[in-house]
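Written out below as structure tokens is the structure these notes cover.
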Amino acid sequence: MSQLHRAQKGSRHLLMGNEAIVRGALEAGVNVAAGYPGTPSSEIIETLAELATELNLYVEWSVNEKVALEVAAAASFAGLNALAVMKQPGLNVAADFLMQLSATGTRGPMVLIAADDPGALSSVNEGESRPYAKLMEIPLLEPGDFQEAMDMTRWAFELSGAIGNVVLLRTVTRLSHASGNVVFHELPERESVAQFQYAAGGGPLLSLPVKARHEQQQEKLRQAVALFEDSPFNTYSGPDNPEALIITSSICTLYSREAVEILGLTERVGILKLGTTWPLPNKLVERHLARADKILIVEEVRPFLEDEIKALAAESAARIGIKSFYGKRQGLMSSVGEMNPDKVVQALSHVLGLPLPNTESPYEKRVTEIAIEGAPNREGTFCAGCPHRASFWSINTALSMDNRGGFVCGDIGCYSLAATPAGFTTIKTLHSMGSGTGIASGFGKLGQFGMDQPAIAVCGDSTFFHSVLPPLINAIHNQSNLILVVLDNDGTAMTGFQPHPGSPVNAMGGGVVKVDIPAICRALGAEVVLGDPFDVEGTRRTFLKMLERTGVQVLVLRQPCALSPEKKGKKAYDMAVDEQACLGASCGCNRLCTRVFSCPGLVWDEKANHSRIDEVMCTGCGVCASICPVGAIGMKEFA
Amino acid sequence: MSAFALKHDPYNLIIAGVGGQGNVMTSRTIGNMLSELGLFVTIGDTFGASQRGGSVMSHLRISVTACYSPQIPKGGAHMVVSMEPSETIRVLRDYGNPAVQVITNTRPLYPIAVIAGRASYPNSAKMEKWIGEISAKTWYLNATAEAMKIGPPALGNVIMAGALAGTGELPLQRDVFASIIATRYPPEQARQNLAAYDFGARYVAAAAI
């Protein structure tokens, strides 16, 4: 259990960025927090949920990000301190409500944390949250290190309270999931009372009349900018008149500082580090732009900061002169992928006309040579014993036997990996949460144009609740043809087993009634079949039968995740390969178990010419025993 | 401010392995041991679903004076502690240099491409020869096998942490480790952790003689 609430003012800790954010929210006196799991944001709500009972907080995993934002907004409307947390794609989901919310404004302080993933370290995109601040006309804050992750979260509540609107705080994977040292401030002691004052003293929350509200909203931004001009989170370090000025924000601050240090340029290059990145504090930025003629902007993915600064520089040109800008627009730095110290070293060297480091040392040459053979590519795969591998094995073989070119529309979860050989490349489309079912619903209506390929959608149990219900209802109402396979592994597995509406507990650990997926689907009018993915034969037969029918059908395949607390470290079966029975390379299957099924619990022993079990990796699920055509893989139940 | 002088500042340590081997826990334990002494520590981890079964590494930046970025510059590692031999080579390709020191587990975990027959995995003798060739100093140990003599294979990480302490490269103190472990695990697991840590430290100390 987290000890974040116990430590005293002035104590120093090594914290993950997300933990620092939690401490900042606690120091601000957060009362209510809501979110939907998504890497790299999940630990924020998880940690707050652990502390909820003791600190009298209300914390929930909401069904999706839009509802999370609405739940948090309600707390703000009632005068409490509210927090909503999501990864960037979740902000897309919440955006519809956010646009209305930013127009009506808030009552109690309200902060929205969006976690971006530049470089897509744990995502299927590297989408940006920053442009949302501009689109929604709300202030944007970006912490530049671990201490700031805490301090700026605390201040974000203060700012929201001061202007009466929601504040967006953007973090990134390299801050949220990295760790660094943080010194704590005091925790507040106070009683909070919730009351929605819709009559005197507040009035109803409406975006009407639109023009007046919109003017009010923009006035709030002007108030924010006035505070930004003196914010301690915007800092300059370097000589008074540097040869070049770096303007940066977020984790790029640390990369920029390091690049300047590596090149030994602390006396020649200045760094303006901005914590308040939209709207920009005009006067402050203008003052620093005046220092140098060469301006290098260091940021990740799109040139958001670059565009804002250039607009500002154009307005101030008469006062500060014409600047030379270096960044992404002219192609010096890429608009794709994450930043690192080396990329800043290269860019800065270019700006100052410094020679680039030696092209390739003999060491680099040799180590690259060795790595070609010595470091074979390690692509991601399903864990040993993962039910998804078994599910996709059955779906894939059934689709091949059906032979009409059927395909699977994928969704977001660990099972997205089925777009790769890990899941026999069964998934052919992969977009946002719930989209697999929506796309399959569309494919299922294309029969009138001659399309006869069966359309299958897959989704996980948490995704089902998040955003599969509307497209499933759409398919039923519009009489589409599709099979939805719900890969129910008993929790939001990919992000660390957070509960969802189908779980018997909620975020704070309270017992709740499970929302029953098959019952919902039946009530909607779908044909529902239940199955166990570890019964490979049975699942394939069931699925083949479903392929013969039309209409909307749902197959719920239930088996807990191999890493779930109830399964982890416990083997169901003791697996062994009968070395006499395995025919090795001469078998007609051509090593089906390792070549195609490819579970990390199986290895091919080339010398001995047979497969064998890797006893460290194998979880004893028993599925490979039903894959082997000669029955050479045996399973023995543990006594 | 810490009273410890570091051999390099920042000292750049990489802890590498395969998703699921326990890298994150090890890097946090080592990070906490150093942070307790007043040092600045930054840990850059990569974790999440896409890392499961894939290559993972944690970058530790240790400094007396400042918070460094969560990514070590290319070619900038001082020490690599790796739970898997091919991952050792992968890390050295990007972060190695002629002065780098390496502690490597010798137990291979085959990538899926190797299991499927799309790629091959060189034998141990070849791997160890290569790793030795591209590092200034190398310690090899089968931490997985040794861990299984003490308890679960995941203790291999703790053996590696002990081995790192045994090199004397960083101010890692056994009593600090013991106190961190005591808050995290019940007595029997804490005892196994200490046994694994001590094995690693002794192994490296013996190798030095």
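Some points to look at:
- Highest-first packing order for the peptide set A:189-197, A:169-177 is A:169-177, A:189-197, based on the mean count of other beta carbon atoms within 10 Å.
- Equivalent ellipsoid of the stretch A:235-352: semi-axes from √(5λ) of the C-alpha gyration tensor, largest first, are 20, 16, 13 Å.
- Dipole magnitude of the stretch A:573-637, debye to nearest 20 (Cβ charges: Lys/Arg +1, Asp/Glu -1, about Cα centre): 240
- For the stretch A:235-352, with +1 on Lys and Arg beta carbons and -1 on Asp and Glu, the positive-most of A:Ile262, A:Leu348, A:Tyr236 along the dipole: A:Tyr236
- Judged by the ratio a/c of the largest to the smallest principal axis of the C-alpha gyration tensor, the protein assembly as shown counts as oblate, that ratio being 1.5 or greater while a/b is no larger than b/c.
- Extension gain, A:Thr420 back to A:Glu243 (0.36 nm per residue minus Cα-Cα distance, nm): 58.8 nm
- Local net charge near A:Asp307, Cβ-Cβ under 15 Å (Lys/Arg +1, Asp/Glu -1): +1
- Compared with the direct C-alpha span, the chain from A:Ser11 to A:Arg319 gains 106.3 nm at full extension, assuming 0.36 nm per residue.
- Farthest toward the positive end of the dipole of the stretch A:1-151, out of A:Ala34, A:Ala94, A:Ala82, is the Cα of A:Ala82, where the dipole comes from beta carbon charges about the Cα centre.
- Inter-part distance where the stretch B:84-120 and the stretch A:411-477 are each reduced to a Cα centre, Å: 37
- The helix-based estimate of mean residue ellipticity at 222 nm for chain A, built from -39,500 (n - 2.57) per DSSP H run of four or more residues and divided by its residue count, is -10500 deg cm²/dmol to the nearest 500.
- Virtual paramagnetic centre 7 Å along Cα→Cβ of A:Asn478, amide N under 19 Å, in the stretch A:396-425: A:407-411
- Furthest towards positive pole of dipole, A:Ser179, A:Ser207, A:Asn165, structure part the stretch A:104-224, Cβ charges: A:Ser207
- Net charge contributed by nearby residues that have their C-beta within less than 15 Å of A:Gln8 (K/R +1, D/E -1): +1
- All other residues whose Cβ lies under 13 angstrom from that of A:Leu557 are scored, Lys and Arg at +1 and Asp and Glu at -1, for a net of -2.
- Electrostatic dipole magnitude of the protein assembly as shown [Cβ: Lys, Arg +1; Asp, Glu -1; Cα centre; debye, to 20]: 720
- Amide H within-cut-off set for A:Val172, under 5 Å, with H built and near neighbours excluded: A:Asp116
- Over chain B: helical MRE at 222 nm, DSSP H runs n ≥ 4 each giving -39500 (n - 2.57), nearest 500: -13500 deg cm²/dmol
- Whole-angstrom gap from the stretch B:158-177 to the stretch A:61-78, using each part's C-alpha centre: 46
- Note on the stretch A:64-105: Kirkwood hydrodynamic radius from all Cα pairs is 10.2 Å, rounded to one decimal.
All of the numbers you see were taken from the coordinates with simple rules; none came from a lab. Keep in mind the model is a prediction, meaning the values are calculated, not measured. Using ideal geometry, Cβ is built from the backbone for each residue, glycine included, and neighbour counts are taken over all protein chains shown.
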